[in-house]
Amino acid sequence: MKPLSLRTANFTDSVIRRMTRVSNRFGAVNLSQGFPDFEPPKEILERLQQVSHEDFHQYSITWGAQNTREALAEKESHYMGIPIDPDSEVVITCGGTEAMMAAMMTICNPGDKVAIFSPFYENYGADTILSGAEPIYIPLVPPEFNFDPEVLEQAFKDGAKALVLCNPSNPSGKVFSLEEMQTIADIIKRYDAYVVTDEVYEHIIYAPNKMVYMAALPGMKERTIVTGSLSKTYSITGWRLGYTIAPPEITDRIRKVHDFLTVGAAAPLQEAVVTGLRFPQEYYDKLQEKYTHKRELFCDGLAEAGLRFQRPEGAYYVMADISEWGYDSDLQFCYDLAEKVGVGAVPGSSFFHEPVNHLIRFHFAKKDETLKDALNRLQDIHTKLKK
Ligand SMILES: Cc1ncc(COP(=O)(O)O)c(C=O)c1O
């Protein structure tokens with residue numbers, strides 16, 4: 001038989017999703033793959049029931065139902081502080097996952113270079129390869145996950161055409177400050193490049209950190225493709241709803257890529273989520289409070305268990321330092337953690353380009369009782385896992 005594509009030959013299965021299977025095998029509390037175990041808002045669920053009896057069962061407009069694009073543009077325009085035209089600047093996609101893939105395919109020619117901060121959400125590496133581009137990794141150095149602007153600039157001197165910017169960041173929990181965003185924006189403008197933002201966690205930020213939108217900085221809207229998702233904001237990861245926001249000439253191309261990739265996101269779900277997109281500020285305040293509480297609960301418990309970690313500034317992940325156990329493989333550590341301690345985590349090496357092997361990632365988008373169960377199990381990690 002003729003060989004399959006070279007492009008995909010070196011793909012491994014997603015380590016994040018593999019760790020969910022490992023957690024299930026050992027009956028571990030699964031804090032690996034980042035999805036909530038609590039219900040979406042009841043208003044959205046009620047609307048979903050109604051929608052099933054209404055006329056939303058055929059294809060919507062391929063780039064997103066009018067109603068959904070209008071609600072999304074209004075909401076994002078409010079938070080980002082810039083005008084967004086629902087008719088020419090928005091595409092509703094199948095999750096943030098498709099949004100990022102479509103953005104990369106829109107920007108990249110084979111051989112183009114794309115700068116990616118490392119550690120990074122694992123899809124970016126695959127997206128780059130699928131779109132024919134080559135990644136240039138810019139270290140976010142633990143424990144504080146700062147970057148060196150000169151190293152970033154070097155990537156553009158070396159020909160990077162775009163930067164992928166995940167803010168707030170998965171897995172590091174970093175929220176880029178206004179000053180950092182301005183530094184990045186200056187470099188992007190100087191080298192006439194693009195930014196593809198991943199703003200999936202835009203509403204999960206811990207005070208005093210604040211969301212700075214790249215597209216809202218002077219001169220950046222025209223060179224920014226925003227990718228976002230409704231998965232985390234409304235606890236509906238299974239609905240597969242995301243979006244891109246970009247200037248009309250870029251959106252026009254994204255629409256074509258999106259049309260050929262998926263035709264469109266599920267029409268009934270697009271309609272049902274409009275209820276969420278029209279929620280008042282109070283909803284986002286409560287979301288923030290809820291995750292702030294979970295962050296404190298989980299991080300305080302980790303500290304009690306004697307683990308070292310950096311408290312996240314945003315998103316719902318925390319990276320814990322496992323160097324004291326001296327494992328050669330953080331993957332093996334995670335297997336042992338699932339089997340012997342009963343908690344599922346993701347090896348940090350799956351997020352780093354650099355040879356970093358001393359961090360593991362937990363997520364805390366879980367009911368308090370689930371988190372407490374995990375924390376109880378973690379309290380005697382030092383006796384269960386021998387050094
Ligand atoms: C940073 C980041 N981007 C994108 C995604 C994927 O989002 P979606 O469920 O909308 O495809 C995730 C999911 O965990 C994520 O953490």
**Complete:** So, with points 7 Å from each Cα along the Cβ direction, the Asp13-Lys210 label distance in nm works out to 4.5
**Asked** Using Cα pairs under 8 angstrom and six or more residues apart, how large is the relative contact order of the chain, in percent?
**Response** 25
**Request:** Starting from the Cα of Gln50, step 7 Å toward the Cβ, then list every residue of the stretch 260-294 with an amide N under 18 Å from that point.
**Result:** 267-280
**Complete:** Residues meeting the amide H criterion for Ile225 (H placed from the backbone, H to H distance under 5 Å, 5 or more places apart or on another chain) are Val195, Val196, Thr197
**Request:** Using Cα pairs closer than 8 Å and at least 6 residues apart in sequence, work out the relative contact order for the stretch 59-279, in percent.
**Result:** 31
**Prompt:** Which three extents, in whole angstrom, do the alpha-carbon atoms of the stretch 59-279 cover along their principal axes, largest first?
**Reply:** 46, 41, 30
**Request:** Determine the sum of side-chain charges near Met104: Lys and Arg each +1, Asp and Glu each -1, restricted to other residues whose C-beta is under 10 angstrom from that of Met104.
**Result:** -2
**Request:** Can you pull the one-decimal nm distance between simple spin-label points at Asp373 and Ser88, each 7 Å off the Cα toward Cβ?
**Result:** 5.2
**Request:** Using R₀ = 22 Å, calculate the FRET efficiency as 1/(1 + (r/R₀)^6) where r is the Cβ-Cβ separation of Arg21 and Asp328; round to 0.05.
**Result:** 0.45
**Message:** What is the ratio of the Cα radius of gyration of the stretch 280-387 to 2.2 N^0.38 Å, with N the residue count, to two decimals?
**Reply:** 1.11
**Prompt:** Dividing the convex hull volume of the alpha carbon atoms of the chain by its residue count, what do you get in Å³ per residue?
**Reply:** 151
**Request:** Take the cross-link list Lys42/Lys294; Lys75/Lys256; Lys2/Lys113 and give me the ones stretching past 22 Å between alpha-carbons.
**Result:** Lys75/Lys256; Lys2/Lys113
**Asked** For Arg190 and Asp300, FRET efficiency with R0 = 51 Å and r from the beta-carbon atoms, rounded to 0.05?
**Response** 0.70
**Prompt:** Pulled fully out, how much extra length does the chain show between Asn109 and Asn67, if you take 0.36 nm times their separation in residues and subtract their Cα-Cα distance?
**Reply:** 11.8 nm
**Message:** What is the distance in Å between the Cα centroid of the stretch 102-121 and that of the stretch 224-239?
**Reply:** 20
**Request:** Quick one: among Pro247, Pro208, Pro110, which has the greatest mean-square fluctuation in a GNM of the chain with alpha-carbon springs under 10 angstrom?
**Result:** Pro208
**Request:** Could you check which residue among Gly64, Gly111, Gly348 shows the biggest mean-square fluctuation in a GNM of the chain with a 10 Å Cα cutoff?
**Result:** Gly111
**Request:** Provide the gained length on full extension for the span Lys340 to Asp37, in nm with one decimal, where the gain is 0.36 nm per separating residue minus the Cα-Cα distance.
**Result:** 106.8 nm
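Any read-out appearing in this document is the output of simple, stated calculations on the displayed coordinates, not a laboratory observation. Model, not experiment: these values are computed from the prediction. Heads up, the Cβs are rebuilt from the backbone with ideal geometry, glycines too, and the neighbour counts pull from every protein chain shown.
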